Amino acid sequence: MKNIAVFCAASEEIEPQYVAAAAELGTLLGRVGAGLVYGGARAGLMEVVAKAAKSAGARVTGVVPFILEERNRVSLLIDEKINCRNLSERKDIMLERSDLLVALPGGIGTLDEIFHVLAAATIGYHCKRVVLYNVDGYWNGLLEMIDAMRNKGFLRCNLENFLALASNADELERIISES
C-alpha cells in the first residue's frame, strides 16, 4: 500500500472550494487504496482530509508534535499516532513514511513543508515528488516565483523531477497511481 503525505492548513478560516478539495483528496486516497500520512491536528483541512480518508477506508497516520498534545488539538481519527518533538522532526517523519507528498492550498507551514522536501530532493536525500494540488490556481504565484528563480540562475537542477502539478482530481489520481 502506498502512503501519501498531505501538507495542508489547520486554519478554520478557509474558503469552501479548498475544504471540498481536501475532502475529495481524502476520498481519493481511500478509493485507490493509499494510506494518509499527515500532521494529525483536528482542525482545518487536516481534519477534513483525515475524515474523508478514514470514511473511504484509508489508514490514517498522524505525525503529532508534542505541542498539539499539550493543547489537546490531536485528531481522534488517527489509526497510528507518531509523536515528535517539533515541526522539523514532523517533516522528516512524514517524508520517511510516505511514497509521494501532496500539498493542498495552505499557509506558511505548508510552504515550509514543500520546500523542505524539495530542498532535500535536490541534493540527493531522496527521489520523492511533491504534487501541488492547484485548486483554483492557488499555487500559480509560487510557480511564477520558481520560474523566476530558474530564469535568474538560482536553480541548479531540473525541479520538475521532484515537483508535479495537478489542477483537478483526475490529474491528481493519475499522478498518485503512476507513483
### Query
Using unit Cβ charges (K, R positive; D, E negative) and no other charged atoms, how large, in debye to the nearest 20, is the dipole of segment 74-137 about its Cα centre?
100
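Could you work out what % of the accessible surface of segment 27-179 is carbon and sulfur, using a 1.4 angstrom probe and leaving DNA, RNA and ligands out of the count?
For segment 27-179, the apolar C and S fraction of the accessible surface comes to 50 percent.
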### Task
Would you work out the charge dipole size for the chain about its Cα centre, treating the Cβ of every Lys and Arg as +1 and the Cβ of every Asp and Glu as -1, and quote it to the nearest 20 debye?
460
#### Entry: Close Lys-Lys pairs in the chain, where close means Cα under 17 Å and separation is 8 or more or interchain
6
### Message
In whole Å, what are the extents of segment 24-102 along the principal axes defined by its C-alpha atoms, from largest to smallest?
### Response
33, 24, 18
### Message
If you wrap a convex hull around the alpha carbons of segment 124-179, what volume per residue comes out, as a whole number of Å³?
### Response
76
### Task
Could you sort 41-48, 163-170 so that the peptide with the highest average Cβ count within 10 Å comes first and the rest follow in order?
41-48, 163-170
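If you take the alpha carbon radius of gyration of segment 64-123 and divide it by 2.2 N^0.38 Å, what ratio comes out, to two decimals?
Scaled against compact globular proteins, the figure is 1.18.
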### Query
What's the Cα-based Rg to Rh of the chain, Rh via Kirkwood?
0.95
### Query
How do 23-33, 61-71, 120-130, 94-104 rank on mean C-beta neighbours within 10 Å, highest first?
94-104, 23-33, 61-71, 120-130
### Mean Cβ neighbour count within 10 Å, used as a protection proxy, ranking 135-146, 73-84 highest first
73-84, 135-146
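Over the chain, give the accessible area per residue in Å² for a 1.4 Å probe, as an integer. List each step's numbers first, then the result.
Details: 8820 Å² over 179 residues.
Averaged over the residues of the chain, the accessible area is 49 Å².
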#### Entry: Kirkwood-based Rg to Rh ratio, segment 83-177, C-alpha trace
0.95
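The values are calculated or read from the model by the stated rules, or taken from the named source; none is laboratory data. All figures in this text were calculated on a predicted structure; none of them were measured in a lab. A quick note on method: Cβ atoms are made from the backbone with ideal geometry, for glycine too, and the neighbour counts reach across all protein chains shown. Side chains are part of the model used for accessible areas, which takes the heavy atoms of the whole protein and leaves out ligands, DNA and RNA. Shrake-Rupley method; radii C 1.70, N 1.55, O 1.52, S 1.80 Å.
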